[in-house]
Amino acid sequence: MIKTKYLKKLIVEPGSEVNLKEFPTDWLDTPEGKVVGKDFLKERSEEVLEESRKLLAEAQELLYASDTHSVLIVLQAMDAAGKDGTIRHVMAGVNPQGCQVFSFKKPSAEELDHNFLWRYMKSLPERGRIGIFNRSYYEDVLVVKVHPEWLGPGSPADPSDKFWQQRYEDINNFEQHLARNGTLILKFFLHVSKDEQKRRFLERLTNPEKHWKFSDADLEEREHWKAYRNAFEDALSATSTKRAPWHIVPADRKYVSRAIVADIITTSIQGLGLKYPEVSEEKLIKLAEAKAKLEGVAEK
Ligand code: ATP
Ligand code: MG
């Protein structure tokens, strides 16, 4: 487990105004990072990821058995920040039946004809399951804030501040509703620097095995870096709440972001204090009878 005092610094204090410059993209730039150094950081991150994976597999079983809560994990980031890799590495040990991943792309015409939360509501995890949103309803206050022309029919061409405030409010109410109904909500912004994004794009353009990951749109959106940053700062400030907090995870080193996300998910599920359901007296008698029968009867 990572020392909680470090992790606490990554949580967006509800009601605070986020300035992303104050959050590191590289853990090595932090005072703690400077003390421990790169080799130790890498080694420790890999250990934490390994430990957390095992504990997460156990926690998920308990989540399923107790059947009282679900877990919703929201991942948001600029392109190439490592959302896919994080999901792959963090969830590697979890029973696939207990976990579901939804990746949200540009909405279809049918989706645009509904309220903006509709398509996400349909994909929420049921009790006992972990649901991962690879992009989420936050796109509806991020990408479309940068490109209001993508908002769809019935939306204003030039949305006012009030329009966005109302969407933040809708999101907060939606999340509160989910939390009240037993959903643990964990939100992660993988915070990558512009330089690191460039490096990763260049890698995709250079390495033939990574060509498929590159899309022309990636460079177009990079041109809007500042507008995305503002939209993220606004959204993170407006929607970090006690029951659905945002974590701003330094993502320039993949091993660090994976370890942090894994640790937070695991400790948060453990923090629910779940228990295996108690077996009734009656059921225990039935189990004992079944055992005696099975042991006493010669198989044909
Ligand atoms: P990859 O790592 O494969 O690039 P990705 O999540 O970036 O994964 P893409 O297919 O490249 O997937 O991009 C999905 C696009 O859909 C993103 O540009 C995203 O902003 C956009 N998108 C998602 N939700 C919405 C939405 N509600 N309205 C408009 N665009 C959206
Ligand atoms: Mg993409």
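The values are calculated or read from the model by the stated rules, or taken from the named source; none is laboratory data. This structure is a prediction, so every number in the text was calculated from the model and none was measured. Note: ideal-geometry Cβ built from the backbone for every residue, glycine included; neighbour counts use all protein chains shown.
Observations
- Pair list, Cβ under 6 Å, 6 or more apart: the range 28-53 residue of a type in the set (Ser, Thr, Tyr), other residue at pLDDT 95 or above: Thr30/Pro24; Ser45/Tyr255; Ser45/Val256; Ser45/Ala259; Ser52/Ala262; Ser52/Asp263; Ser52/Thr266
- Among residues of the range 188-219, those that are of a type in the set (Phe, Trp, Tyr), over 16 Å from Lys21 (Cβ atoms) and either in a strand (DSSP E or B) or away from ligand 1 (no atom under 14 Å from the Cβ) (or both), counted: 1
- Among the residues of the range 66-85, those identified as within 11 Å of ligand 1 (Cβ to nearest atom) and either touching a helix residue (DSSP H, G or I) at 6+ places or on another chain (Cβ under 7 Å) or among the aliphatic types (A, V, I, L, M) (or both) are Leu75, Gln76, Ala77, Met78, Asp79, Ala80, Ala81, Gly82, Gly85.
- Qualifying residue in the range 151-161 (condition: in contact with a Pro (Cβ under 9 Å, 6 or more places away or on another chain), in contact (Cβ under 8 Å) with a residue 24 or more places away in the chain and surrounded by fewer than 17 Cβ atoms within 10 Å (Cβ to Cβ)): yes
- A count restricted to the range 87-113 and to residues that are without any contact (Cβ under 8 Å) to a residue 40 or more places away in the chain, more than 10 Å from ligand 1 (Cβ to nearest atom) and surrounded by fewer than 17 Cβ atoms within 10 Å (Cβ to Cβ) stands at 10.
- Residues that are part of a helix (DSSP H, G or I) and among the β-branched types (Val, Ile, Thr) within the range 258-300 comprise Ile260, Val261, Ile264, Ile265, Thr266, Thr267, Ile269, Ile285, listed in sequence order.
- Within the range 126-166, the set of residues being under 30 Å from Ala92 (Cβ atoms) and within 16 Å of ligand 2 (Cβ to nearest atom) comprises Phe133, Asn134, Arg135, Ser136, Tyr138, Glu139, Leu142, Val143.
- Looking across the range 87-125, the residues that are within 16 Å of ligand 2 (Cβ to nearest atom) and within 23 Å of Glu51 (Cβ to Cβ) come down to Ile87, Arg88, Val101.
- Selection of the range 216-225 for residues being surrounded by fewer than 16 Cβ atoms within 10 Å (Cβ to Cβ) and under 23 Å from the mean Cα position of the chain (by Cα) yields only Trp225.
- Meets criteria (within 16 Å of ligand 1 (Cβ to nearest atom), part of a loop (DSSP other than H, G, I, E, B) and in contact (Cβ under 8 Å) with a residue 40 or more places away in the chain) for Phe116: yes
- Within the range 238-268, the set of residues being within 21 Å of Leu63 (Cβ to Cβ), surrounded by 22 or more Cβ atoms within 10 Å (Cβ to Cβ) and either of a type in the set (Val, Ile, Thr) or at pLDDT below 95 (or both) comprises Ile260, Val261, Ile264, Ile265, Thr266.
- Check on Lys198, among the charged types (D, E, K, R) and without any contact (Cβ under 8 Å) to a residue 40 or more places away in the chain: yes
- If you go through the range 54-86 and keep only what is closer than 19 Å to Tyr255 by Cα, more than 14 Å from ligand 2 (Cβ to nearest atom) and among the polar types (S, T, N, Q), you end up with just Thr86.
- Residues satisfying the stated conditions in the range 67-124, i.e. of a type in the set (D, E, K, R) and at positive phi: Asp67
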